[in-house]
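S.K.: Handing you a structure now.
Throughout, read-outs are computed from the coordinates displayed, never taken from laboratory work. Remember, predicted model here, so these are calculated numbers, not experimental data. Cβ placement follows ideal geometry from the backbone for every residue including glycine, while neighbour counts extend to all protein chains displayed.
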Amino acid sequence: MPHRIRAARAAQYLAVRALTVHGLAHPLTLALLAAASTAAAKAWDRGHRVDAIHTAPGQRARRAWADHAAGCGTCTTTRPGCPEGARLWERYCRLQDAYLTHLRTRSTSQ
Ligand SMILES: [Zn+2]
C-alpha cells in the first residue's frame, strides 16, 4: 500500500476516533481533522484516487459499527459485546480485509 494512502487513512481514523470520543468542537478533534485533510491532499497530489482513502462500503460499515458501539451499553469502540455488535464488527473487518487485499493486489500488479 502506498505510504501516502496509509498515512491518510491513519490520520482519518484518528480524526474519526477523536470526533467520536470528544466531539467536533474539541481542539484535538479539530487538529486531527486538519491533519487528515492535509494527509488526504498529499495523497491526492501524488495521484492517488479519493476512493483509495474513502471506500464507500467500508466507510458505511465502519460508521454503522461506530454508531452502534457509541450507543450500545455492552459494546466498546474496540470490541463487540452483543450479537448485533458482533455482526457489524465482523462486516466491517471483512470489508477492511477485502479492501486491503485489493490494494496489495493492485500495488503488486503495477
Ligand atoms: Zn452492542
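S.K.: Provide the gained length on full extension for the span TYR13 to ALA86, in nm with one decimal, where the gain is 0.36 nm per separating residue minus the Cα-Cα distance.
M.R.: Fully extending the segment from TYR13 to ALA86 adds 24.3 nm.
S.K.: Let me ask something additional. I'd like the isolated cysteines in the chain, meaning no second cysteine's beta-carbon lies under 4.7 angstrom from theirs.
M.R.: Here CYS82, CYS93 come out as lacking a disulfide-compatible partner, given the Cβ-Cβ threshold of under 4.7 Å.
S.K.: With θ set to phi - 60°, apply the Karplus curve 6.51 cos²θ - 1.76 cosθ + 1.60 along the range 72-84 and write out the HN-Hα couplings as whole Hz, x wherever there is a Gly or Pro.
M.R.: 8, x, 9, 7, 10, 5, 10, 7, x, x, 9, x, 5
S.K.: Given the -39500 (n - 2.57) contribution per DSSP H run of 4+ residues, what per-residue ellipticity at 222 nm results for the chain, rounded to the nearest 500 deg cm²/dmol?
M.R.: Dividing the helical sum by the residues of the chain leaves -26000 deg cm²/dmol.
S.K.: Scan the range 11-100 for trypsin sites (Lys or Arg not before Pro) in coil per DSSP, keeping those whose Cβ has at most 15 other Cβ atoms within 10 Å, and list them by number.
M.R.: ARG46, ARG49
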